[in-house]
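Undergrad: Okay, here's the structure, questions in a sec.
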Amino acid sequence: MPITLASVLERRELGLTIVWADDEAAARVWSWAHSSDLADPSPFLSRGDALLTTGTQWRDDSDIAPWVARLAAVGVPAIGFGTEVFRDGTPDALVAACEAHGIALFEVPYRTPFIAVVRAVADLDASERFSRVRFTLDAQRAIALAALRPDGLAAALTELERRVGGPVALIGSDGRVAVGRRPDRVALDTARRMLADGRRAAVVIEGVTLQTIGRPDALRGVLAVGGGAHDDATRAVVTSVVAMVGLALEQERRLARTLDDLRAELLSALVRGERDLVATTLRALGGGIPDEPLAVAVIDPASGRREALLDLLGARARGEAAASGETQGAHPGRRSAGGAGVFHARDGARVVVLADADRIDSLLPELVEQARGTAGVVRRVRWERLEQAIDDAARAADRMAERVDADAQAGDRILDAAALRDDGMLTRLAGADARRTAEAMLAPLDQHDDASGDALVATLAAWLGADAVAEQAAAALGVHRHTVRARVRRAEQLLGRDLGAFPARAELWAALVAAGRA
């Protein structure tokens with residue numbers, strides 16, 4: 001137990017007696033004990049250092065109150081006054097000053113040297129340190145044994161809760177409580193912000209220690225440990241549990257990535273129409289596929305956010321499986337507990353989500369928020385149109401990426417592909433592959449514009465948009481018609497194309513549309 005006035009008074013051989021101490025002063029923790037008769041020993045003391053003195057430094061009692069005030073300012077928890085050296089008893093002024101500042105006061109009899117008190121404190125400190133080391137070792141051993149049980153993670157956290165004397169919870173990467181008791185709202189909201197920040201961190205808020213788990217680029221969750229302020233021994237136990245949980249979740253993550261590879265192949269099988277094969281495979285994994293009509297969403301995550309999105313989808317699937325149990329019924333594999341009508345798969349840099357049409361609106365905003373990207377969605381799809389629906393949803397995600405502001409809310413980052421149906425045939429060119437091809441075609445013009453400031457690309461967009469009429473393009477651009485014609489000729493030279501021919505104009509216009517320049 002920590003060193004306090006009570007533990008020092010228990011050393012009966014010292015013969016110490018309390019002069020003044022209320023409950024708060026008596027409970028204050030000592031870190032050490034010193035002796036000094038300096039007029040101002042405060043520069044040489046640290047918070048928690050008790051002080052022993054004989055009072056030879058005081059010219060008269062008027063010096064006592066300022067002396068005690070200086071000790072209170074540095075956090076001295078107790079003063080021991082050596083009697084019968086220069087005074088027969090403890091000065092009333094010292095009692096009054098200690099009471100005023102909440103510092104415990106005790107008497108050290110003449111027969112007890114100050115060094116004996118210091119040695120007693122040293123013994124108590126050594127005993128406390130040994131006790132905390134023993135606590136750490138015993139707790140780590142008990143937690144390690146608990147982790148070997150079939151419900152290892154939950155058992156380990158339960159044992160940690162017992163050892164620290166406060167509630168413990170694991171908040172998963174999806175921001176939900178995966179194991180343990182739900183923390184209060186402030187702690188839970190803070191944990192979710194830590195996950196959203198995407199970097200390793202540890203904070204203490206309202207008596208709850210929150211520590212992220214996992215790599216900075218792929219946080220696996222946050223461990224929340226209550227019980228108030230933790231000492232070094234408790235922090236060592238918590239740190240070991242964080243490492244253990246991180247290892248367990250990383251192994252789970254590797255399994256999840258293997259399942260992601262499998263799901264990508266299953267998506268290809270669904271596109272080929274092999275639904276029964278996919279349903280059977282997913283049934284073995286505790287998952288399923290939605291019923292018709294379904295909704296198809298394609299999510300384009302921000303850089304470095306795809307893994308976090310896949311983690312969230314995987315965590316949701318596992319959580320729903322645990323909550324609902326096996327419910328395949330008469331249609332095995334179609335609506336199992338693992339997916340509750342939701343299937344997801346990696347598709348290159350993107351993620352495809354298939355869900356019941358009536359569920360997509362509640363599901364998609366959360367996924368887009370985690371991905372910090374954009375999404376396109378197609379509603380009420382039949383299985384035979386799956387491939388086309390994925391293409392349409394991807395095109396909508398691309399179009400939304402061109403429009404969206406970086407600070408837009410998740411709901412404003414989702415585009416229904418139905419909104420693109422009137423955009424015409426050229427909206428099909430909004431895919432990433434077409435955009436890269438278009439950018440390569442326009443590269444000579446961009447390089448020229450960067451070097452000369454001629455604005456060839458903008459001029460060509462205006463000229464083709466005006467049916468290749470120089471006068472109309474010039475009016476739109478605010479330049480002379482001869483300038484437009486000169487720029488068109490220069491573009492022909494750079495592109496190696498005769499823009500007087502319709503096929504060349506059509507190809508250039510398609511490139512401008514695909515690159516988002518027209």
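Read-outs: derived from the displayed coordinates by stated rules, not from any lab. Quick caveat: nothing in here was measured; it's all calculated off a predicted structure. We place every Cβ from the backbone using ideal geometry, glycine too, and count neighbours over all the protein chains shown.
Undergrad: Assign unit charges at the C-beta atoms only (+1 for Lys and Arg, -1 for Asp and Glu), then state the dipole size of the chain relative to its Cα centre in Debye, rounded to the nearest 20. Let's see the in-between values first.
TA: On the way: 64 positive and 74 negative charges, 347 e Å.
It works out to roughly 1660 debye.
Undergrad: On to the next question. Roughly how far apart, in whole Å, are the Cα centres of region 133-152 and region 481-518?
TA: Value for the Cα centre distance between the two parts: 72 Å.
Undergrad: Right, something else. Give, as a single signed number, the net charge of other residues whose beta carbon lies under 11 Å from the beta carbon of Pro77, with Lys and Arg counted +1 and Asp and Glu -1.
TA: Here the charged neighbours net out to 0.
Undergrad: Run through the DSSP bridge list for the chain and note the antiparallel percent, rounded to the nearest 5.
TA: Approximately 75 percent, going by the DSSP bridge assignments.
Undergrad: Give me, ordered by chain and number, the residues 5 or more places off Ala201 or on other chains with an amide H under 5 Å from its own placed amide H.
TA: Thr212
Undergrad: Can you tell me the order of 306-313, 98-105 when each peptide is scored by its average per-residue count of other Cβ atoms within 10 angstrom, highest first? Intermediate results must be reported in sequence, preceding the final value.
TA: Details: 306-313: 23.1, 98-105: 19.9.
Taking the mean over residues of other Cβ atoms within 10 Å, the ranking is 306-313, 98-105.
Undergrad: I've got another one for you. If you build the Cα gyration tensor of region 430-514 and take the root of 5 times each eigenvalue, what three semi-axes come out, in whole angstrom, biggest first?
TA: Each semi-axis is the square root of five times an eigenvalue, giving 20, 14, 12 Å.
Undergrad: Output the peptides 493-503, 370-380, 177-187 sorted from most to least packed, where packing is the average of other Cβ atoms within 10 Å over each peptide's residues.
TA: Working: 493-503: 12.2, 370-380: 23.5, 177-187: 16.7.
Packing proxy ranking, top to bottom: 370-380, 177-187, 493-503.
Undergrad: Show the residues, 5+ positions off or on another chain, whose built amide H is closer than 5 Å to the amide H of Thr4.
TA: Trp30
Undergrad: The chain: D in µm²/s via Stokes-Einstein (Kirkwood Rh, Cα pairs, 25 °C, 0.890 mPa s)?
TA: 83 µm²/s
Undergrad: Here is a further query. With θ set to phi - 60°, apply the Karplus curve 6.51 cos²θ - 1.76 cosθ + 1.60 along region 159-172 and write out the HN-Hα couplings as whole Hz, x wherever there is a Gly or Pro.
TA: Calculated HN-Hα couplings, in order: 5, 4, 4, 5, 6, 8, x, x, x, 10, 8, 10, 8, x Hz.
Undergrad: R0 = 35 Å: FRET efficiency of Asp361 with Asp184, Cβ-based, nearest 0.05?
TA: 0.70
Undergrad: Return the calculated 222 nm mean residue ellipticity for the chain, to the nearest 500 deg cm²/dmol, obtained by summing -39500 (n - 2.57) across DSSP H runs with n ≥ 4 and dividing by the residue count.
TA: When only DSSP H runs of four or more count, the value is -16500 deg cm²/dmol.
Undergrad: Tell me, what ³J(HN,Hα) does each residue in region 88-94 have, in order and in whole Hz, if you take phi through Karplus 6.51 cos²θ - 1.76 cosθ + 1.60 with θ = phi - 60° and put x for Gly and Pro?
TA: 6, x, 7, x, 4, 5, 5
Undergrad: A further question on this structure: For Arg181, what residues show an amide H to amide H distance below 5 Å, using hydrogens built from the backbone and excluding near sequence neighbours?
TA: Here the answer is Val168, since their amide H atoms fall under 5 Å of that of Arg181.
Undergrad: Sticking with this structure for a sec: With axes computed from alpha carbons, what is the tilt in degrees of helix 114-147 against the longest principal axis of the chain, rounded to the nearest 10 within 0 to 90?
TA: Taking the Cα atoms of the chain, the angle to 114-147 is about 30 degrees.
Undergrad: Mind checking the angle between helix 360-371 and the chain's longest principal axis? C-alpha axes, 0 to 90 degrees, to the nearest 10.
TA: Here the helix axis deviates by roughly 70 degrees.
Undergrad: Add +1 for every Lys or Arg and -1 for every Asp or Glu among the other residues with Cβ under 12 Å from the Cβ of His480, and state the total.
TA: Values: positive: Arg481, Arg485, Arg487; negative: Glu471.
My count for the surroundings of His480 gives +2.
Undergrad: Which ³J(HN,Hα) values in Hz, rounded to whole numbers, follow from the phi angles of region 52-61 under the Karplus curve 6.51 cos²θ - 1.76 cosθ + 1.60, where θ = phi - 60° and Gly and Pro get x?
TA: 10, 8, 9, x, 5, 7, 8, 5, 8, 5
Undergrad: Hey, could you grab the Kirkwood Rh for region 149-252? Inverse mean 1/r over distinct alpha carbon pairs, Å, one decimal.
TA: After inverting the mean inverse Cα-Cα distance, the result is 13.3 Å.
Undergrad: Continuing with this model, one more query. Sorted from largest down, what three extents in whole angstroms do the Cα atoms of region 5-123 have along their principal axes?
TA: Each principal axis gives a Cα extent; for region 5-123 these are 34, 28, 26 Å.
Undergrad: Any idea how far the Cα center of region 261-280 sits from the one of region 452-467, in Å?
TA: 47 Å
Undergrad: So, counting K/R as plus one and D/E as minus one, what does the shell of residues with Cβ under 12 Å around Asp40 add up to?
TA: Working: positive: Arg70; negative: Asp37, Asp63.
Local net charge: -1.
Undergrad: Based on the Kirkwood radius over alpha-carbon pairs, what is the Stokes-Einstein translational diffusion coefficient of region 93-160 at 10 °C with 1.306 mPa s viscosity, in µm²/s?
TA: Working: Rh = 16.1 Å.
Answer, rounded: 99 µm²/s.
Undergrad: Could you tell me the calculated FRET efficiency between Ala451 and Ala73, based on Cβ-Cβ distance and R0 = 51 angstrom, to the nearest 0.05?
TA: The calculated FRET efficiency here is 0.15.
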